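Take a look at the structure set out below.
Coordinate-derived values only; no laboratory data. Owing to the predicted nature of the structure, the values given are computational and were not obtained by experimental measurement. Glycine gets a Cβ as well: all are built from the backbone with ideal geometry, and neighbour counts include every protein chain shown.
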Amino acid sequence: MSTFLRVFFIGGLISYRALFNWIRPYIYIPTMLGSPLFQIVFFTYLGRYSHAAGGDAFFIVGNAVQVCAMSSVYGMTMAVANERWFGTLGPLLATPANRLAIFLGRGMPVFANGLLVSAFGFGVGAVLLHFRPPLHSIPALVLVVCLTTVSCTTFGMVLGTIGLRSKDFFFVANLAYFLMLLFCGVNIPLDVLPGWMEAIGRSLPLTHGIEAARKIAAGGQLADVSGLLWTELGIAVAYAAAGYLFFRLLEISARRSAVIDAL
Amino acid sequence: MLGIVRSGFVMNVKMLTTSGFFLLTSTVQPVIFATIAFYMFKAGGRPGTLLYAALGAGMMGIWSSTLFGSGGALQWNRWQGTLELLVAAPPPFIVVLLPLTLATSVTGAYSLVATLGWGWLLFDVPLHLVHPLAFAIAVPAAVVSLGLMGLLMASSFILYRHANALSNLLEYPVWVATGLIFPLALLPGWVTPISWLLAPRWGIDAIRHAALGSGAVWFPVAMCAATGAAYLVLAAAFLRIFEREARARATLALT
């Protein structure tokens, strides 16, 4: 068990430091903090102009939760796919280490970073756009953001495994990030979307979490959103399982075809 | 010189159109942002603004393509080991760099076609242009001025090894500060003077005024030309200083 935990925590942290391209301050600050800051400002002003929802809070909460995907989608994709691009996938797969610990351990630093980016997003909302949720709702809001970041990270795991075989994994990660803005009710009330788009949105991470966060930020209780949170958790488990399954299938197939490090 | 610009431009357009990243930036991403804007305006009961949104989303795509293409131009050449060769070639470096940055903004112009076509096909956006001739002049004016803005960015990034980080940062602020998809009047007053310095602001004014008949076309077209000329002069000066500095410090090829 201790080996499992060592691979999970220490292995996850080391791999994050090695594989996350944006970890240094000169790129982390503009990319992981600067870009979300302006995303929140952009959509809040667009929301004001379009009158798409009742007020700024809709856009601030939606985008502040969604920006965790900066870490969850891009970070997780790098944390898995870069093993191949940096030429370390072969040695990694030659070790006897538990694959579940290797795979899930990569999500821990990504999750922590996603939480930080999201918290920064709420800070931007508070400082620049006068977002003021009730103080008593903040612990519940933190819980909702944690859960949503977990589900987003597991979604990133699936994208990362695609990067183990696909050359254009950044294309896939970029596309996923932007499609989340469209499908997950970040800036558009879900009932405005056509039924098929809403159905896709409901099968993605973020959607239920954002809905819950908005209700909590408006003064709701955790009990009011428990259904949404259980659904978000279910989505997280489903994507984690799918990601791990893909990872193992690709490992077996890459060994069989001798294309583990083929670029 | 013109031959170098022409052949460099054609080669770079061909390279960019085979890049998945540029396909995403210049067609898929603007269509996604246009769709978000269409649904937001629909949700707010403002369907009359759909052409306004389509034009703005198209211009957003041109900016993104120019930003990532021109901002990353030197970095990509560094990674590929061709930057020293380009600098060492007999023509002035600006003549080598200009077709590259123009190619990124011209490739970005796909986004305007994509958002207008997408809007017309799926959201019944009316494609009636009030001044079609002026529109046909406003679009190239906007595209060329953005290409020259890209040249200025590329020239100032020559000393900065992490230009891609700045490119990641600058996408949204310019969308905001130039009123591409919502009016500048919504923003604090100090943003407007900043927008005067940015070609996308004049580009979108020219395109919108030509398409919607909502104002004068020739003044923003003239401002596109003026800002473009200013960028060209500044880029030439920056390149002269920064290129020499990078050669003296032997940092030209460092990644």
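Side notes on the structure shown:
- Binned Cα-Cα distance frequencies in the range A:2-257 - 10 Å width, integer %: 8, 31, 35, 19, 6, 1
- Residues A:Val124, A:Val80, ranked from the fewest to the most other C-beta atoms within 10 Å, line up as A:Val124, A:Val80.
- Listed values for the range B:227-243 are Karplus-derived 3J(HN,Hα) couplings in whole Hz (6.51 cos²θ - 1.76 cosθ + 1.60, θ = phi - 60°), namely 5, x, 5, 5, 4, 4, 5, 5, 4, 4, 5, 4, 4, 4, 6, 5, 5, and x replaces Gly and Pro.
- A:Ala126-A:Ser203 FRET efficiency (beta carbon distance; Förster radius 35 Å; 0.05 resolution): 0.65
- For A:Ala57, net neighbour charge (Lys/Arg +1, Asp/Glu -1) across residues whose Cβ lies under 15 Å away: +2
- When chain B is treated as a Gaussian network with alpha carbon springs shorter than 10 Å, the biggest mean-square fluctuation among B:His128, B:His162, B:His209 belongs to B:His128.
- Cα→Cβ-extended label distance, 7 Å offset, between A:Asp224 and A:Leu116, nm: 3.3
- Cα gyration tensor, the range B:2-249 - rounded (a/c under 1.5), prolate or oblate: prolate
- Candidates B:Val106, B:Val139, B:Val87: whichever shows maximal mean-square fluctuation once chain B is modelled as a Gaussian network with Cα springs under 10 Å: B:Val87
- Efficiency of FRET from Cβ geometry, B:Val130 and B:Ala253, R₀ 45 Å, rounded to 0.05: 0.30
- Kirkwood hydrodynamic radius of the range B:47-153, Cα pairs, Å: 15.1
- In sequence order, calculated HN-Hα J values of the range B:5-10 (Karplus, 6.51, -1.76, 1.60; Hz; x Gly/Pro): 4, 5, 5, x, 5, 4
- log10 of Debye I(q)/I(0), alpha-carbon scatterers only, for the range B:15-93 at 0.12, 0.27 Å⁻¹: -0.49, -1.15
- The stretch between B:Ile194 and B:His162 holds 9.1 nm of extra length on full extension. This uses 0.36 nm per residue minus the Cα-Cα distance.
- Diffusion coefficient, µm² s⁻¹, Stokes-Einstein with Kirkwood Rh over alpha-carbon pairs of the range A:177-263 at 37 °C and 0.692 mPa s: 217
- Shape of the range A:1-91, Cα gyration tensor, a/c cut at 1.5: prolate
- Net charge contributed by nearby residues that have their C-beta within less than 9 Å of B:Val87 (K/R +1, D/E -1): -1
- The range B:48-106 shape via C-alpha gyration tensor axes, a/c threshold 1.5: prolate
- Distance cut-off 36 Å, percentage of C-alpha pairs in the protein assembly as shown lying past it: 35
- Chain A: relative contact order in percent, alpha carbon pairs under 8 Å with at least 6 residues between: 26
- Amide hydrogen neighbours beyond the local backbone of A:Ile260, cut-off 5 Å, H modeled: none
- Share of alpha-carbon pairs per 10 Å distance bin for the range A:113-261, given as whole %: 11, 34, 33, 15, 6, 1
- Per-residue shielding of A:162-169, expressed as the average number of other chain Cβ atoms within 10 Å of the residue Cβ, stands at 1.
- Model label sites at B:Leu234 and A:Ala238, defined 7 Å from Cα along the beta-carbon direction, differ in position by 5.0 nm.
- ³J(HN,Hα), Karplus 6.51/-1.76/1.60, whole Hz, each residue of the range A:116-122, x for Gly, Pro: 5, 5, 5, 4, 4, x, 5
- Relative contact order (%) - criterion: Cα under 8 Å, at least six apart; region: chain B: 26
- Label sites at A:Arg17 and B:Ser7, each approximated as a point 7 angstrom past Cα along Cα to Cβ, lie 5.0 nm apart.
- Bins of 5 Å from zero: percent of alpha-carbon pairs in the range B:169-255: 3, 13, 17, 17, 16, 11, 9, 7, 5, 2, 0
- When chain A is treated as a Gaussian network with alpha carbon springs shorter than 10 Å, the biggest mean-square fluctuation among A:Ile29, A:Ile40, A:Ile210 belongs to A:Ile29.
- On the beta carbon distance between B:Arg46 and A:Lys167, with R0 = 41 Å, the FRET formula returns roughly 0.45.
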